[in-house]
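The values are calculated or read from the model by the stated rules, or taken from the named source; none is laboratory data. Quick caveat: nothing in here was measured; it's all calculated off a predicted structure. Cβ atoms come from the backbone with ideal geometry, glycine included; neighbour counts cover every protein chain shown. When the accessible area is computed, the model is the full protein with side chains, heavy atoms only, and any ligands, DNA or RNA have been set aside. Shrake-Rupley method; radii C 1.70, N 1.55, O 1.52, S 1.80 Å.
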Amino acid sequence: MQLSREALLRAYRQMKLIREFEERLHIDIQTGEIAGFTHLYCGQEAVAVGVCEHLSVEDKIVSTHRGHGHCLAKGCDVDGMMAEIWGSREGLCKGKGGSMHIADVDKGMLGANGIVGAGAPIAVGAGISCKIDGKGHVAIGFSGDGACNQGTTFEAMNMAVVTKAACIFVFENNHYSEHTGFEYAVGTNKDIASRAEAFGMKVWRGDGTDFFSVFETMREVLDYVRVPGNGPAAVEFDTERFFGHFEGDPQRYRGPGELDRIRETRDCLKKFRQSVTEAKLLTGEDIDAVDADVMEAIETAVAKAKAADRPTAEDVLTDVYISY
Amino acid sequence: MSKMMYREAVLSTIVEEMERDPNVVVLGEDVVGGMGTAGGPEAIGGIWSTSVGLFGKFGGDRVIDTPISESAIMGAAAGLALSGKRPVAELMFADFIGVSLDQIWNQLAKFRYMFGGKTKCPAVIRMAYGAGYNAAAQHSQAVHQILTGMPGLKVVMPTTPGDVKGLLRTAIRDDDPVIFLEHKALYGVKGEVSDDKDFMIPFGHARLSRAGQDVTIVSTGLLLGFCEAVADKLAAEGIGCDVIDLRTTSPLDEEAILDSVEVTGRLVVVDEATPRCSLATDICALVAEKAFASLKAPPLGVNPPHTPVPFARELETAYLPSIGKIEAAVRKVLSYR
Ligand SMILES: Cc1ncc(C[n+]2csc(CCOP(=O)(O)OP(=O)(O)O)c2C)c(N)n1
Ligand SMILES: [Mg+2]
């Protein structure tokens with residue numbers, strides 16, 4: 001199905017926003033001003049955006065430690081996210097969570113997560129809630145190729161099947177869990193989707209470096225899961241991460257020229273630009289205009305984050321409970 | 001003696017024990033690193049560099065790089081230990097006991113008792129704990145509070161590289177399951193370490209790191225250094241502090257604490273975990289019960305507040321016990337006549 005010009009521009013803008021958000025963080029982190037562990041999503045934008053462009057605020061997503069892309073794609077405020085990563089009081093989580101714990105439950109974004117494998121069971125609960133509500137909404141749990149090896153993920157898959165939760169397991173296979181290759185760590189013949197299949201789910205596979213592959217695959221997946229009574233599904237996207245596991249990773253596990261090669265041949269933004277301009281759906285100028293707009297948005301977000309109020313010692317004590 | 005970092009003391013002890021005893025095996029996530037990648041094995045050697053070179057030296061049967069599966073890692077350690085091996089398993093972050101607690105608490109810790117004393121379970125579970133890196137609520141916790149209360153586990157919290165050496169060797173040679181807590185902020189600290197390949201420090205023997213007559217300060221880990229700074233400052237004012245480094249929280253060296261309080265009559269316990277049901281409340285209760293007559297002031301605990309560990313620099317700094325807060329507590333117990 002052909003996307004409208006507006007839809008194409010919007011999808012591209014979302015991907016570019018994630019890319020530049022991350023590229024900028026990569027630079028700013030080197031100054032030492034940003035605290036903590038930061039895991040950049042750069043390279044995987046087509047997955048977050050190709051999934052979330054199908055979703056409304058009533059649909060839920062559950063993210064991972066590499067959560068910035070999912071958050072932005074689900075509509076979390078750019079300024080609020082940047083401020084959070086900078087540890088500001090005006091951040092989305094008041095500086096209490098930081099990069100690994102960004103959440104905006106009102107937007108259907110149930111949190112990035114520092115515990116690998118914690119997300120899938122949460123997505124099952126959210127998917128059961130969607131099923132109970134019966135309005136065709138769904139919950140999406142993003143997991144990495146590393147997270148797919150957690151018992152929690154296995155339990156979640158089986159439980160989703162037996163409860164017929166309206167839930168989708170999206171596996172982003174970027175070939176690495178920290179410093180370990182998925183060919184070593186995933187025993188099922190280099191394949192994650194087949195595990196989900198063995199649990200009794202319908203599964204799909206797609207190219208996670210191609211927006212259109214993700215988007216069209218997800219249309220089918222969502223058409224299926226939104227039908228009451230169908231239960232869960234799973235999809236595996238083959239993708240790439242352009243930076244290290246975390247900022248500061250020496251990346252000794254990469255082969256020679258690997259990063260240059262994936263940036264050259266597996267870049268979802270380059271692929272998008274090429275395919276829409278070749279098909280004459282958008283012009284180079286259209287895309288350049290989005291790029292300029294995004295760069296400005298990132299500049300603004302950083303300026304605001306730097307100028308934002310810092311948290312104080314008293315702030316440590318708030319928000320543990322609603323009442324106590 | 002040689003000088004080395006805390007993390008080097010961990011690694012060199014593991015190497016020496018693996019050389020000595022073929023039953024010692026290491027397992028954990030990225031303990032080799034680079035498995036199944038173009039870069040090849042040994043890409044990292046543990047994210048804390050505490051297993052660098054082990055794979056090359058001892059091979060893949062004894063140095064096992066695992067998938068991200070903490071329950072299975074802890075369970076495999078239990079199974080290895082019941083089958084005659086001496087596993088040294090690594091949890092990358094202590095916070096991940098959350099994922100794997102059943103295997104630690106209901107399995108490892110309880111086997112000997114449940115099996116009527118007829119088995120041994122010589123597993124060491126190493127884990128990096130503690131705040132100071134702005135790693136937020138799920139990567140910064142001090143977990144000794146949870147584990148110390150579990151019958152069947154021994155809990156070790158070394159402060160210095162020299163103690164790492166002596167205590168880790170004891171842990172590996174011990175026939176009971178031992179939790180070995182390594183503070184992230186201490187990995188780079190250097191100190192004198194014994195070269196004796198049989199140097200061991202027995203569990204339940206605290207170390208007196210400062211001696212004085214007026215106040216007893218009890219701590220271990222990163223915060224011990226803060227306590228020493230306070231003791232040194234007060235020494236200049238003519239106030240003497242006993243600073244006791246517990247080394248192990250289970251077993252606990254009650255005698256060292258009680259002997260000291262009998263002289264000083266004043267106790268401050270400095271603890272990195274949250275205050276409720278904590279090491280601090282435990283030791284304060286011990287002293288109230290067994291050294292009541294010696295007390296000149298109520299025993300005090302210095303803990304973080306009853307909150308998760310926050311992310312932002314300002315928040316984490318405010319969260320952690322500081323030199324200032326410890327000094328204030330010491331002055332408070334001194335203010336009672
Ligand atoms: C329970 C748990 N175990 C280990 C870690 C440390 N850790 C953080 S991310 C990660 C790798 C995750 O790999 P994957 O699921 O493929 O996600 P990716 O990093 O590739 O996005 C590991 C081991 C953690 N945060 N939580
Ligand atoms: Mg991965």
Take chain A, mark every one of the GluC sites (Glu not before Pro) that falls in a DSSP loop and has at most 12 other Cβ within 10 Å, then report the longest stretch left between them, sites excluded. A:59-324
One finds, for B:GLU237 and A:GLU183 with R0 = 51 angstrom and r their Cβ-Cβ distance, a FRET efficiency to the nearest 0.05 of 0.20
Just tell me, in residue order, which DSSP H segments of chain A are both 24 angstrom or longer along the helix axis (alpha-carbon based) and at least -0.5 in mean Kyte-Doolittle hydropathy. A:284-307
Note the angle between two axes, namely the Cα long axis of helix B:161-173 and the longest principal axis of the Cα atoms of chain B, as a number of degrees from 0 to 90, rounded to the nearest 10. 50
Once the in-chain neighbours fewer than 8 apart are removed, the lysines whose Cα is under 26 Å from A:LYS280 read A:LYS16, A:LYS270, A:LYS271
Would you be so kind as to list the residues of the range A:81-101 that have their accessible area lowered by at least 40 Å² in the full protein complex compared with their chain by itself (1.4 Å probe)? A:LYS96, A:HIS101
Could you tell me which of the pairs B:LYS85/B:LYS165; A:LYS60/A:LYS96; B:LYS165/B:LYS325; B:LYS233/B:LYS290; A:LYS96/B:LYS233 are separated by over 28 angstrom between their Cα atoms in the structure shown? B:LYS165/B:LYS325; B:LYS233/B:LYS290; A:LYS96/B:LYS233
The range B:76-190, relative contact order [Cα under 8 Å, separation at least 6], %: 30
Over the range B:121-217, average the accessible area per residue using a 1.4 Å probe and give it in Å², no decimals. 29
Counting only the backbone N, which residues of the range A:44-80 are under 14 Å from the spot 7 Å out from the Cα of A:GLN251 toward its beta-carbon? A:44
Folded to 0 to 90 degrees: helix B:222-235 orientation relative to chain B principal axis, Cα: 30
If you average the C-alpha positions of the range A:145-205 and of the range B:211-265 separately, how far apart do those two centres end up, in angstrom? 51
In nm, the gap between the two label points placed 7 Å beyond Cα toward Cβ at A:ASP260 and B:MET1 is 5.1
Mind checking the range A:130-224 for trypsin sites (Lys or Arg not before Pro) that DSSP puts in a loop (not H, G, I, E or B) and that have at most 16 other Cβ atoms within 10 Å? A:LYS135, A:LYS164, A:LYS190
Report the extension gain between A:LYS164 and A:ALA313 in nm, rounded to one decimal, defined as 0.36 nm multiplied by the number of residues separating them, less their alpha carbon distance. 49.1 nm
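Kindly state, to the nearest 0.05, the FRET efficiency for A:GLU197 paired with A:SER129, given R0 = 25 Å and r defined as their beta-carbon distance.
My answer for the efficiency is 0.50.
Mind running the shape call on chain A? Use the C-alpha gyration tensor, a ≥ b ≥ c as the square roots of the eigenvalues: rounded below 1.5 for a/c, prolate if a/b tops b/c, oblate otherwise.
Here chain A falls in the rounded category.
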Note down the nm distance, to one decimal, between modelled labels 7 Å out along Cα→Cβ at A:THR300 and at B:TYR336. 5.9
Where a ≥ b ≥ c are the square roots of the eigenvalues of the C-alpha gyration tensor, would you call the range B:2-193 rounded, which needs a/c under 1.5, or, failing that, prolate if a/b is larger than b/c, or oblate? rounded
If a paramagnetic tag sat 7 Å from the Cα of B:GLU262 along the Cα-Cβ line, which residues of the range B:286-313 would have the backbone N under 13 Å from that point? B:290-295
Could you pull out every residue, at least 5 positions away or on a different chain, whose amide H is within less than 5 Å of the one on A:MET109? Hs are placed 1.01 Å off N in the peptide plane, and Pro or chain starts have none. A:ILE61, A:ASP104
Give me the percent of accessible area attributable to carbon and sulfur for the protein assembly as shown, probe 1.4 angstrom. 54
Quick one: if the Förster radius is 60 Å, what FRET efficiency do B:ALA288 and A:LYS280 give, using the C-beta to C-beta distance and rounding to 0.05? 0.15
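Can you classify the protein assembly as shown as rounded, prolate or oblate using the Cα gyration tensor, where a ≥ b ≥ c are the square roots of its eigenvalues, rounded means a/c under 1.5, and otherwise it's prolate if a/b beats b/c and oblate if not?
Because a/c hits 1.5 or more and a/b exceeds b/c, the protein assembly as shown counts as prolate.
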